[in-house]
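Notes for the one structure printed next.
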Amino acid sequence: MSTPELVSDEKALTIFLVGFMGAGKSSVGLALSRRLGWPFEDLDDRIEARERRSIEEIFRQFGEPGFRRIEHAALHSLMQGLGSSSRVVALGGGAFAQTPNAALLEEAGFPVIFLDAPVEELFRRCQEQQLNRPLRRNLEEFRGLYEARRPCYLKASLRIETDGKDVESVAWEVIESLKLQSL
Ligand code: S3P
């Protein structure tokens, strides 16, 4: 994994948060956006707004391959809309594990932060959230998917361990690592 470059707070920047289901991408993203005073966007929310249906319905109707096509199109449009202002973006758990999506992020050159935690902890957090995630079934399948994707997540510019930390501390760690100016 490469060391993230020192980031100037003068040029527009997008921070991407990636990682498995339950990693805290959306909650850390929100905390980070509040601390930086930058807007926050969740790619799954963009997908649901574009498709006018929930992620669960998209999976039910088009299966995972259909969802991935929609996800890629949504990420592509998000990347095209990155203008002169900074923002924080959380991707869904599988997005960065898809080669074409990782290539889009690499090409843009923005920092990609992998939020990590032990798989049992990720599974537990998802259970607590009571959010219907089509790819979260039993712990064994969840673990298999996590292990298959982990090498992809490790291509991020930075990995942050979130186990035993609250959302605010993780957000602070991102700010410190990227040498950003908090409000
Ligand atoms: C997915 C994770 C979900 C959502 C979709 C697929 C995955 O996002 O994009 O259900 O493939 O891991 P979260 O990581 O926000 O749950």
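The values are calculated or read from the model by the stated rules, or taken from the named source; none is laboratory data. Quantities reported herein were computed from a predicted structural model and do not represent experimental measurements. Every residue, glycine among them, receives a Cβ derived from its backbone with ideal geometry; neighbour counts consider all protein chains shown. Heads up: the accessible areas ignore ligands, DNA and RNA and are worked out on the full protein's heavy atoms, side chains in. Shrake-Rupley method; radii C 1.70, N 1.55, O 1.52, S 1.80 Å.
Restricting attention to the stretch 16-59, the residues that are open to solvent by 10 Å² or more (accessible area, probe 1.4 Å) and in contact with a Pro (Cβ under 8 Å, 6 or more places away or on another chain) add up to 4. Taking each residue of the stretch 52-74 that is among the β-branched types (Val, Ile, Thr) and looking for partners that are modelled with pLDDT of 95 or more and open to solvent by 70 Å² or more (accessible area, probe 1.4 Å) with beta-carbon atoms closer than 9 Å, six or more apart or interchain, yields Ile70/Arg50; Ile70/Phe62.
For the stretch 43-64, name all the residues that are touching a helix residue (DSSP H, G or I) at 6+ places or on another chain (Cβ under 7 Å), in a helix (DSSP H, G or I) and within 12 Å of the ligand (Cβ to nearest atom). Those that are touching a helix residue (DSSP H, G or I) at 6+ places or on another chain (Cβ under 7 Å), in a helix (DSSP H, G or I) and within 12 Å of the ligand (Cβ to nearest atom): Leu43, Asp44, Arg46, Ile47, Glu48, Ile55, Ile58, Phe59.
Of the set (1) more than 12 Å from the ligand (Cβ to nearest atom); (2) at pLDDT 95 or above, all apply to Gly81 but (2).
Out of curiosity, is Gln98 at pLDDT below 95 and within 16 Å of the ligand (Cβ to nearest atom)?
Values: at pLDDT below 95: no; within 16 Å of the ligand (Cβ to nearest atom): yes.
In short, no.
Could you name every one of the helices (runs of 4 or more DSSP H) located completely within the stretch 68-183 that has at least 1 residues being β-branched (Val, Ile, Thr), within 28 Å of Lys11 (Cα to Cα) and open to solvent by less than 20 Å² (accessible area, probe 1.4 Å)?
Working: elements: 99-108, 119-129, 139-153, 167-177.
Of the helices (runs of 4 or more DSSP H) lying wholly inside the stretch 68-183, those with at least 1 residues that are β-branched (Val, Ile, Thr), within 28 Å of Lys11 (Cα to Cα) and open to solvent by less than 20 Å² (accessible area, probe 1.4 Å) span 167-177.
Taking every residue in the stretch 37-51 that is touching a residue at least 24 places away in the same chain (Cβ under 8 Å) and on the phi < 0 side of the Ramachandran plot and pairing it with any residue that is among the hydroxyl-bearing types (Ser, Thr, Tyr) and within 13 Å of the ligand (Cβ to nearest atom), at least 6 positions away or on another chain, the pairs with Cβ-Cβ distances below 7 Å are Asp42/Ser26.
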